[in-house]
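Trainee: Below: one structure in C-alpha coordinates.
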Amino acid sequence: MNKASHRTEPSAAELLGVQVFMAFLFVATFSHFKSYLPQVAVDADNAGYINIAQAIRAWHFEYIMPKLFWGTSYAIAGLSILFHLSESTSLLLISVLSCLGTLWLSVRLWGGWVAAFFAVLSIAWLQRVFLAGSEPLFVLLIFSSLLMVRKKKWLLASFIAALATIVRPAGFFSLAAVGIVLLYRREYLNFCFALLIGIAVGLAYVVPLWIYFGDPLATYHGYRGDWNSGSPLGLPFCAIVRAIFDSNRPMTNLVLNTGWVAFSILGLILLFRKNSAEYTKAFPVEVVFAVLYLSFLYTYNSSHWSFSEFPRFVIPVIPMLLVGFRSYFPERRAVIWALAAASAVLAALSAVGIHNLRPI
(Lines give C-alpha, C1' and ligand atoms only; values in the text may rest on other atoms or scores of the structure.)
Protein backbone atom coordinates (compact mmCIF):
# COMPACT_ATOMS: atom_id res chain seq x y z
CA MET A 1 0.00 0.00 0.00
CA ASN A 2 1.48 3.33 -0.99
CA LYS A 3 1.58 6.46 1.16
CA ALA A 4 -1.33 8.12 -0.62
CA SER A 5 -3.67 5.16 -0.33
CA HIS A 6 -3.30 4.45 3.39
CA ARG A 7 -4.04 8.11 4.18
CA THR A 8 -7.35 8.08 2.32
CA GLU A 9 -10.12 9.16 4.69
CA PRO A 10 -11.84 6.18 6.36
CA SER A 11 -15.44 5.82 5.25
CA ALA A 12 -18.46 5.50 7.52
CA ALA A 13 -18.79 1.85 6.46
CA GLU A 14 -15.17 1.18 7.41
CA LEU A 15 -15.65 2.82 10.80
CA LEU A 16 -18.77 0.72 11.30
CA GLY A 17 -16.49 -2.29 11.04
CA VAL A 18 -14.22 -0.78 13.69
CA GLN A 19 -17.26 -0.21 15.92
CA VAL A 20 -18.44 -3.81 15.55
CA PHE A 21 -14.91 -5.00 16.36
CA MET A 22 -14.86 -2.89 19.54
CA ALA A 23 -18.34 -4.07 20.53
CA PHE A 24 -17.23 -7.69 20.28
CA LEU A 25 -14.07 -7.09 22.34
CA PHE A 26 -15.89 -5.05 24.98
CA VAL A 27 -18.75 -7.51 25.49
CA ALA A 28 -16.44 -10.55 25.41
CA THR A 29 -14.04 -9.02 27.93
CA PHE A 30 -16.78 -7.74 30.21
CA SER A 31 -18.71 -11.02 30.09
CA HIS A 32 -15.59 -12.92 31.17
CA PHE A 33 -15.90 -11.27 34.59
CA LYS A 34 -19.55 -10.22 34.99
CA SER A 35 -22.92 -10.87 33.39
CA TYR A 36 -23.29 -8.29 30.64
CA LEU A 37 -27.00 -7.67 30.02
CA PRO A 38 -28.03 -7.46 33.70
CA GLN A 39 -25.35 -4.81 34.21
CA VAL A 40 -26.94 -2.54 31.60
CA ALA A 41 -29.96 -2.01 33.87
CA VAL A 42 -27.88 -0.85 36.84
CA ASP A 43 -24.73 0.72 35.40
CA ALA A 44 -24.09 4.39 36.27
CA ASP A 45 -27.41 6.33 36.12
CA ASN A 46 -29.23 3.71 34.05
CA ALA A 47 -31.48 2.53 36.88
CA GLY A 48 -32.63 6.11 37.37
CA TYR A 49 -33.46 6.59 33.69
CA ILE A 50 -35.30 3.27 33.62
CA ASN A 51 -37.33 4.11 36.74
CA ILE A 52 -38.35 7.45 35.25
CA ALA A 53 -39.28 5.75 31.95
CA GLN A 54 -41.49 3.30 33.84
CA ALA A 55 -43.13 6.22 35.65
CA ILE A 56 -43.69 7.99 32.33
CA ARG A 57 -45.34 4.91 30.85
CA ALA A 58 -47.71 4.74 33.83
CA TRP A 59 -47.82 8.55 34.11
CA HIS A 60 -47.42 8.15 37.86
CA PHE A 61 -44.53 9.97 39.56
CA GLU A 62 -45.11 9.49 43.27
CA TYR A 63 -41.90 7.57 43.89
CA ILE A 64 -39.61 9.41 41.46
CA MET A 65 -36.72 11.62 42.58
CA PRO A 66 -36.58 14.39 39.94
CA LYS A 67 -32.82 14.72 39.55
CA LEU A 68 -31.90 13.24 36.19
CA PHE A 69 -33.11 15.09 33.09
CA TRP A 70 -35.94 13.16 31.49
CA GLY A 71 -35.15 13.34 27.77
CA THR A 72 -33.52 9.91 27.72
CA SER A 73 -36.36 8.42 29.75
CA TYR A 74 -38.95 9.80 27.32
CA ALA A 75 -37.04 8.09 24.49
CA ILE A 76 -36.87 4.82 26.47
CA ALA A 77 -40.60 4.93 27.22
CA GLY A 78 -41.48 5.68 23.59
CA LEU A 79 -39.33 2.87 22.20
CA SER A 80 -40.53 0.34 24.75
CA ILE A 81 -44.18 1.17 23.99
CA LEU A 82 -43.75 1.07 20.20
CA PHE A 83 -41.79 -2.19 20.04
CA HIS A 84 -42.87 -3.89 23.28
CA LEU A 85 -39.33 -3.97 24.65
CA SER A 86 -38.11 -3.86 28.22
CA GLU A 87 -36.82 -0.50 29.40
CA SER A 88 -33.24 -1.76 29.76
CA THR A 89 -33.28 -3.23 26.25
CA SER A 90 -34.70 0.03 24.91
CA LEU A 91 -31.96 2.03 26.63
CA LEU A 92 -29.23 -0.21 25.20
CA LEU A 93 -30.78 -0.04 21.73
CA ILE A 94 -31.00 3.77 21.93
CA SER A 95 -27.34 3.95 22.95
CA VAL A 96 -26.08 1.66 20.19
CA LEU A 97 -28.17 3.23 17.44
CA SER A 98 -27.23 6.71 18.64
CA CYS A 99 -23.57 5.71 18.49
CA LEU A 100 -23.94 4.54 14.89
CA GLY A 101 -25.73 7.74 13.96
CA THR A 102 -23.04 9.77 15.71
CA LEU A 103 -20.36 7.89 13.77
CA TRP A 104 -22.02 8.75 10.46
CA LEU A 105 -22.48 12.39 11.47
CA SER A 106 -18.84 12.65 12.56
CA VAL A 107 -17.68 11.57 9.11
CA ARG A 108 -20.03 14.09 7.49
CA LEU A 109 -18.98 16.94 9.77
CA TRP A 110 -15.25 16.50 10.29
CA GLY A 111 -14.05 13.79 7.94
CA GLY A 112 -13.03 10.18 8.35
CA TRP A 113 -9.84 10.65 10.35
CA VAL A 114 -11.35 12.87 13.01
CA ALA A 115 -14.35 10.52 13.20
CA ALA A 116 -12.04 7.53 13.52
CA PHE A 117 -10.03 8.97 16.40
CA PHE A 118 -13.21 10.16 18.08
CA ALA A 119 -14.58 6.62 17.89
CA VAL A 120 -11.56 4.94 19.51
CA LEU A 121 -9.91 7.43 21.89
CA SER A 122 -12.38 7.66 24.78
CA ILE A 123 -13.01 4.64 26.99
CA ALA A 124 -15.70 6.70 28.76
CA TRP A 125 -17.53 6.95 25.42
CA LEU A 126 -17.27 3.20 24.79
CA GLN A 127 -18.64 2.45 28.25
CA ARG A 128 -21.63 4.73 27.70
CA VAL A 129 -22.30 3.11 24.32
CA PHE A 130 -21.91 -0.57 25.23
CA LEU A 131 -23.31 -0.34 28.78
CA ALA A 132 -25.79 2.37 27.76
CA GLY A 133 -26.40 5.83 29.14
CA SER A 134 -27.67 9.25 28.16
CA GLU A 135 -24.46 10.39 26.42
CA PRO A 136 -24.94 8.63 23.04
CA LEU A 137 -28.38 10.19 22.52
CA PHE A 138 -27.10 13.55 23.75
CA VAL A 139 -24.11 13.53 21.39
CA LEU A 140 -26.29 12.37 18.49
CA LEU A 141 -28.57 15.38 19.01
CA ILE A 142 -25.66 17.83 19.37
CA PHE A 143 -24.00 16.60 16.17
CA SER A 144 -27.34 16.56 14.32
CA SER A 145 -27.89 20.18 15.32
CA LEU A 146 -24.43 21.11 14.05
CA LEU A 147 -25.12 19.41 10.72
CA MET A 148 -28.36 21.38 10.37
CA VAL A 149 -26.39 24.58 11.07
CA ARG A 150 -24.02 23.73 8.22
CA LYS A 151 -27.05 23.26 5.98
CA LYS A 152 -28.34 26.70 7.15
CA LYS A 153 -31.45 25.07 8.59
CA TRP A 154 -31.36 27.29 11.66
CA LEU A 155 -34.79 26.51 13.05
CA LEU A 156 -34.35 22.75 12.80
CA ALA A 157 -30.90 23.13 14.35
CA SER A 158 -32.45 25.07 17.23
CA PHE A 159 -35.16 22.48 17.75
CA ILE A 160 -32.67 19.60 17.88
CA ALA A 161 -30.40 21.56 20.23
CA ALA A 162 -33.40 22.20 22.48
CA LEU A 163 -34.11 18.45 22.54
CA ALA A 164 -30.47 17.86 23.51
CA THR A 165 -30.99 20.23 26.44
CA ILE A 166 -33.72 18.04 27.95
CA VAL A 167 -31.44 15.00 27.64
CA ARG A 168 -28.53 16.72 29.38
CA PRO A 169 -28.73 20.35 30.53
CA ALA A 170 -25.36 21.23 28.97
CA GLY A 171 -27.13 20.99 25.62
CA PHE A 172 -28.13 24.58 26.34
CA PHE A 173 -24.70 25.66 25.11
CA SER A 174 -25.46 24.28 21.66
CA LEU A 175 -28.67 26.30 21.56
CA ALA A 176 -26.81 29.36 22.89
CA ALA A 177 -24.11 28.98 20.23
CA VAL A 178 -26.74 29.06 17.49
CA GLY A 179 -28.29 32.19 19.03
CA ILE A 180 -24.97 34.00 19.44
CA VAL A 181 -23.96 33.41 15.82
CA LEU A 182 -27.39 34.48 14.55
CA LEU A 183 -27.13 37.69 16.56
CA TYR A 184 -23.59 38.31 15.30
CA ARG A 185 -24.82 37.90 11.72
CA ARG A 186 -27.81 40.16 12.46
CA GLU A 187 -30.26 37.47 11.46
CA TYR A 188 -32.74 38.74 14.01
CA LEU A 189 -35.79 36.99 12.61
CA ASN A 190 -34.09 33.58 12.73
CA PHE A 191 -32.85 34.39 16.21
CA CYS A 192 -36.36 35.18 17.42
CA PHE A 193 -37.75 31.97 15.95
CA ALA A 194 -34.86 29.98 17.46
CA LEU A 195 -35.57 31.58 20.83
CA LEU A 196 -39.26 30.75 20.59
CA ILE A 197 -38.47 27.14 19.67
CA GLY A 198 -36.18 26.82 22.68
CA ILE A 199 -38.82 28.31 24.98
CA ALA A 200 -41.54 26.03 23.56
CA VAL A 201 -39.49 22.86 24.08
CA GLY A 202 -38.50 24.05 27.54
CA LEU A 203 -42.10 24.73 28.54
CA ALA A 204 -43.25 21.34 27.22
CA TYR A 205 -40.55 19.75 29.39
CA VAL A 206 -41.19 21.66 32.62
CA VAL A 207 -45.01 21.57 32.67
CA PRO A 208 -45.22 17.95 33.96
CA LEU A 209 -42.57 18.76 36.59
CA TRP A 210 -44.54 21.81 37.64
CA ILE A 211 -47.78 19.84 37.89
CA TYR A 212 -46.47 16.77 39.72
CA PHE A 213 -43.62 18.21 41.79
CA GLY A 214 -44.68 21.82 42.19
CA ASP A 215 -41.33 22.96 40.79
CA PRO A 216 -40.73 23.55 37.06
CA LEU A 217 -36.96 23.35 37.69
CA ALA A 218 -37.16 20.19 39.80
CA THR A 219 -34.58 18.28 37.78
CA TYR A 220 -32.17 21.24 37.87
CA HIS A 221 -32.59 21.68 41.62
CA GLY A 222 -31.97 17.95 42.08
CA TYR A 223 -28.30 18.54 41.28
CA ARG A 224 -27.74 21.03 44.12
CA GLY A 225 -26.26 18.34 46.34
CA ASP A 226 -23.43 17.86 43.83
CA TRP A 227 -22.20 21.45 44.08
CA ASN A 228 -19.71 22.93 46.53
CA SER A 229 -22.10 25.85 47.13
CA GLY A 230 -25.48 27.08 45.96
CA SER A 231 -24.22 27.80 42.45
CA PRO A 232 -23.23 25.29 39.76
CA LEU A 233 -20.41 27.63 38.69
CA GLY A 234 -17.26 28.60 40.57
CA LEU A 235 -13.82 29.96 39.84
CA PRO A 236 -12.20 28.45 36.70
CA PHE A 237 -10.36 25.19 37.45
CA CYS A 238 -10.81 25.63 41.21
CA ALA A 239 -12.85 22.44 41.72
CA ILE A 240 -10.70 20.50 39.24
CA VAL A 241 -7.42 21.46 40.94
CA ARG A 242 -8.89 20.63 44.36
CA ALA A 243 -9.83 17.17 43.09
CA ILE A 244 -6.39 16.58 41.52
CA PHE A 245 -4.75 17.04 44.91
CA ASP A 246 -7.16 14.64 46.59
CA SER A 247 -4.79 12.08 48.15
CA ASN A 248 -7.43 9.33 48.08
CA ARG A 249 -7.72 9.30 44.29
CA PRO A 250 -6.27 6.20 42.51
CA MET A 251 -3.21 6.97 40.39
CA THR A 252 -4.73 5.51 37.22
CA ASN A 253 -7.79 7.73 37.60
CA LEU A 254 -5.60 10.76 38.32
CA VAL A 255 -3.45 10.23 35.22
CA LEU A 256 -6.36 9.48 32.88
CA ASN A 257 -8.55 12.38 33.98
CA THR A 258 -5.70 14.89 34.15
CA GLY A 259 -4.73 13.78 30.66
CA TRP A 260 -8.21 14.58 29.34
CA VAL A 261 -8.21 17.98 31.05
CA ALA A 262 -4.83 18.75 29.47
CA PHE A 263 -6.04 17.42 26.10
CA SER A 264 -9.06 19.73 26.19
CA ILE A 265 -7.00 22.81 27.08
CA LEU A 266 -4.35 22.16 24.45
CA GLY A 267 -6.96 21.26 21.82
CA LEU A 268 -8.83 24.49 22.49
CA ILE A 269 -5.61 26.49 22.11
CA LEU A 270 -4.74 24.70 18.87
CA LEU A 271 -8.23 25.40 17.55
CA PHE A 272 -7.38 29.10 17.48
CA ARG A 273 -3.99 28.73 15.77
CA LYS A 274 -3.39 29.59 12.15
CA ASN A 275 -3.63 25.95 11.03
CA SER A 276 -7.27 25.86 12.15
CA ALA A 277 -8.24 29.33 10.95
CA GLU A 278 -10.18 28.02 7.95
CA TYR A 279 -12.27 25.77 10.19
CA THR A 280 -13.01 28.41 12.85
CA LYS A 281 -14.04 30.92 10.18
CA ALA A 282 -16.24 28.48 8.26
CA PHE A 283 -18.01 26.90 11.25
CA PRO A 284 -18.33 29.48 14.05
CA VAL A 285 -21.24 27.74 15.79
CA GLU A 286 -19.07 24.70 16.46
CA VAL A 287 -16.26 26.83 17.85
CA VAL A 288 -18.61 28.91 20.02
CA PHE A 289 -20.22 25.72 21.32
CA ALA A 290 -16.81 24.24 22.18
CA VAL A 291 -15.74 27.40 24.01
CA LEU A 292 -19.00 27.72 25.96
CA TYR A 293 -19.16 24.03 26.81
CA LEU A 294 -15.54 23.77 27.95
CA SER A 295 -15.85 27.01 29.93
CA PHE A 296 -18.71 25.36 31.82
CA LEU A 297 -16.66 22.22 32.48
CA TYR A 298 -13.73 24.28 33.75
CA THR A 299 -15.96 26.23 36.14
CA TYR A 300 -18.33 23.45 37.23
CA ASN A 301 -18.56 23.85 40.99
CA SER A 302 -18.23 20.24 42.12
CA SER A 303 -14.94 18.98 43.53
CA HIS A 304 -16.01 15.41 42.83
CA TRP A 305 -17.90 15.41 39.54
CA SER A 306 -15.96 18.15 37.71
CA PHE A 307 -12.83 15.99 37.68
CA SER A 308 -13.90 12.38 38.22
CA GLU A 309 -16.37 12.56 35.30
CA PHE A 310 -14.40 14.93 33.08
CA PRO A 311 -13.59 12.23 30.46
CA ARG A 312 -17.33 11.62 30.13
CA PHE A 313 -18.34 15.26 30.19
CA VAL A 314 -15.84 16.26 27.47
CA ILE A 315 -17.14 13.72 24.90
CA PRO A 316 -19.36 16.10 22.85
CA VAL A 317 -16.46 18.44 21.99
CA ILE A 318 -13.76 15.82 21.31
CA PRO A 319 -14.16 16.07 17.49
CA MET A 320 -13.73 19.85 17.58
CA LEU A 321 -10.60 19.46 19.71
CA LEU A 322 -9.30 16.84 17.28
CA VAL A 323 -9.61 19.40 14.49
CA GLY A 324 -7.00 21.41 16.36
CA PHE A 325 -4.80 18.33 16.69
CA ARG A 326 -5.40 17.25 13.07
CA SER A 327 -1.89 18.08 11.81
CA TYR A 328 -0.29 16.12 14.68
CA PHE A 329 -2.04 12.76 14.88
CA PRO A 330 -0.96 9.81 12.69
CA GLU A 331 -3.30 9.08 9.80
CA ARG A 332 -2.73 5.34 9.84
CA ARG A 333 -5.38 2.65 9.79
CA ALA A 334 -3.11 0.39 11.83
CA VAL A 335 -3.13 3.00 14.59
CA ILE A 336 -6.93 3.19 14.54
CA TRP A 337 -7.34 -0.58 14.81
CA ALA A 338 -4.71 -0.84 17.55
CA LEU A 339 -6.38 1.93 19.54
CA ALA A 340 -9.77 0.31 18.96
CA ALA A 341 -8.58 -2.98 20.45
CA ALA A 342 -6.83 -1.36 23.41
CA SER A 343 -9.67 1.05 24.19
CA ALA A 344 -12.38 -1.63 24.02
CA VAL A 345 -10.54 -3.97 26.39
CA LEU A 346 -9.54 -1.19 28.78
CA ALA A 347 -13.08 0.21 28.77
CA ALA A 348 -14.48 -3.20 29.69
CA LEU A 349 -11.91 -3.79 32.44
CA SER A 350 -12.50 -0.31 33.83
CA ALA A 351 -16.26 -0.92 33.85
CA VAL A 352 -15.78 -4.22 35.68
CA GLY A 353 -13.43 -2.66 38.23
CA ILE A 354 -10.03 -4.01 39.28
CA HIS A 355 -11.45 -5.50 42.48
CA ASN A 356 -13.92 -7.54 40.41
CA LEU A 357 -11.44 -9.08 37.99
CA ARG A 358 -12.41 -12.69 38.66
CA PRO A 359 -14.11 -14.72 35.92
CA ILE A 360 -17.78 -15.62 36.50
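Trainee: Just a yes or no: is a residue in region 184-197 in a helix (DSSP H, G or I), closer than 30 Å to H60 by Cα and modelled with pLDDT of 95 or more?
Mentor: yes
Trainee: Also: Out of V114, V149, which single residue is within 26 Å of P330 (Cα to Cα), at pLDDT 95 or above and more than 14 Å from the chain's Cα centre (by Cα)?
Mentor: When all the criteria are applied, what remains is V114.
Trainee: Under 6 Å between Cβ atoms, at least 6 apart or on separate chains: pull out the pairs that start in region 109-136 with a residue that is under 22 Å from L37 (Cα atoms) and end on any residue that is among the acidic types (D, E).
Mentor: Taking only residues 6 or more apart or on different chains, the pairs are R128/E135; L131/D43.
Trainee: Would you say V335 is free of Cβ contacts under 8 Å to residues at least 24 places away in the same chain and either within 17 Å of the chain's Cα centre (by Cα) or within 15 Å of G112 (Cβ to Cβ) (or both)?
Mentor: Considered against the rule, which asks whether it is free of Cβ contacts under 8 Å to residues at least 24 places away in the same chain and either within 17 Å of the chain's Cα centre (by Cα) or within 15 Å of G112 (Cβ to Cβ) (or both), V335 comes out as yes.
Trainee: Quick one: A176 ticks every box in (1) within 29 Å of A41 (Cα to Cα); (2) small (G, A, S); (3) in a helix (DSSP H, G or I) bar one, so which box is it?
Mentor: (1) is the only condition that A176 fails.
Trainee: Follow-up question, since we're still on this one. Being free of Cβ contacts under 8 Å to residues at least 24 places away in the same chain and either within 12 Å of P311 (Cβ to Cβ) or touching a helix residue (DSSP H, G or I) at 6+ places or on another chain (Cβ under 8 Å) (or both) is the requirement here; does L254 meet it?
Mentor: Judged against the criteria, L254 is a match.
Trainee: Quick check: anything in region 235-248 more than 28 Å from A347 (Cβ to Cβ) and small (G, A, S)?
Mentor: no
Trainee: Right, another one. If only one of G133, G171 is assigned to a helix (DSSP H, G or I), under 24 Å from S295 (Cα atoms) and not acidic (D, E), which one is it?
Mentor: One residue alone meets the criteria, G171.
Trainee: Please enumerate the residues belonging to region 32-67 that are of a type in the set (G, A, S) and either in contact with a Cys (Cβ under 9 Å, 6 or more places away or on another chain) or touching a residue at least 24 places away in the same chain (Cβ under 8 Å) (or both).
Mentor: Hits for region 32-67 are S35, A41, A44, A53.
Trainee: Kindly provide the set of residues from region 199-237 that are over 23 Å from D45 (Cβ atoms) and under 21 Å from the mean Cα position of the chain (by Cα), ordered by number.
Mentor: The answer is F237, and nothing else.
Trainee: Pairs under 9 Å by beta carbon, first residue touching a residue at least 40 places away in the same chain (Cβ under 8 Å) and closer than 16 Å to V314 by Cβ in region 165-188, partner in a helix (DSSP H, G or I) and of a type in the set (D, E, K, R), six or more apart or different chains?
Mentor: From region 165-188, the pairs are R168/E135.
The values are calculated or read from the model by the stated rules, or taken from the named source; none is laboratory data. Note that the structure is a prediction, hence the values are computed from the model and not measured. Virtual Cβ from ideal backbone geometry, glycine too; neighbours counted across all protein chains shown.
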